[in-house]
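The values are calculated or read from the model by the stated rules, or taken from the named source; none is laboratory data. What you are looking at is a predicted structure, and each value in this text was computed from that prediction instead of being measured. Here the Cβ positions follow ideal geometry from the backbone for every residue, glycine too, while neighbour counts run over all protein chains shown. Ligands, DNA and RNA are excluded from the accessible area calculation, which covers all protein heavy atoms including side chains. Shrake-Rupley method; radii C 1.70, N 1.55, O 1.52, S 1.80 Å.
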Amino acid sequence: MESTKIFDAEFKFMNLVWDRAPIRSSELVKLAEDELGWKKSTTYTVIRRLSDRGIIKNENSIVIVLKERDKIQKAEAYEFIDKVFDGSLKMFFTSFLKKEKLSKEELEELKKIVEMNSKRGE
């Protein structure tokens, strides 16, 4: 069973991949060393693990993306909201908005998103 769960270090690595794919695995080794401080063996281990879970594919030393960033972000967000807020988006937003001051533009953008979402649900 493949899992789309990505751990923090893997997510940082995937940002390198998403921004550059398709990319040679040898280039990723260099990038991971420069950006993340990883050894070659660590990078190849993470490439293998992410490949085993169907998130990337390493074929002929070229790494390609199988799961796009937005899909992973969405899955991670749902998991977080489920775990921390018992699956309640309302509780998440209430908690978030108590701490954060949003600009008028940000509030307007959120209103538009909510309105578009409510029209889809009709």
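Brief remarks on what is shown
- Check on D19, exposed (fewer than 11 other Cβ atoms within 10 Å of the Cβ) and within 20 Å of I6 (Cβ to Cβ): yes
Residue by residue, here is whether (1) over 16 Å from D8 (Cα atoms); (2) free of Cβ contacts under 8 Å to residues at least 12 places away in the same chain; (3) among the charged types (D, E, K, R); (4) touching a strand residue (DSSP E or B) at 6+ places or on another chain (Cβ under 8 Å) holds:
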| site | (1), (2), (3), (4) |
| --- | --- |
| K39 | yes, yes, yes, no |
| V46 | no, no, no, no |
| G54 | yes, no, no, no |
| S61 | yes, no, no, yes |
| D82 | yes, yes, yes, no |
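- Search result, residues across the range 46-76 that are hydrophobic (A, V, I, L, M, F, W, C) and within 15 Å of L28 (Cα to Cα): V46, I47, L50, I56, I62, V63, I64, V65
- Once the range 109-122 is narrowed to residues that are open to solvent by less than 80 Å² (accessible area, probe 1.4 Å) and either in a helix (DSSP H, G or I) or at pLDDT 90 or above (or both), the residue that is farthest from E10 (Cα to Cα) is S118.
- Filter result for K57 (touching an Asp or Glu at 6+ places or on another chain (Cβ under 9 Å), over 28 Å from S95 (Cβ atoms) and open to solvent by 50 Å² or more (accessible area, probe 1.4 Å)): no
- Scanning the range 4-16 for residues that are among the charged types (D, E, K, R) and modelled with pLDDT of 95 or more, we see that the one that is least open to solvent (accessible area, probe 1.4 Å) is E10.
- Selection from the range 60-75 of residues that are in a helix (DSSP H, G or I) and of a type in the set (K, R): R69, K71, K74
- Single residue of the range 48-59 satisfying the filter (of a type outside the set (S, T, Y) and assigned to a helix (DSSP H, G or I)) that is nearest to the chain's Cα centre (by Cα): L50
- Residue in the range 38-47 that is of a type in the set (A, V, I, L, M), open to solvent by less than 40 Å² (accessible area, probe 1.4 Å) and assigned to a helix (DSSP H, G or I) present: yes
- Boolean, Y78 is under 17 Å from I6 (Cα atoms), of a type in the set (F, W, Y), open to solvent by less than 90 Å² (accessible area, probe 1.4 Å) and in a helix (DSSP H, G or I): no
- Of the residues making up the range 83-90, not a single one is open to solvent by 100 Å² or more (accessible area, probe 1.4 Å), in a loop (DSSP other than H, G, I, E, B) and of a type in the set (S, T, N, Q).
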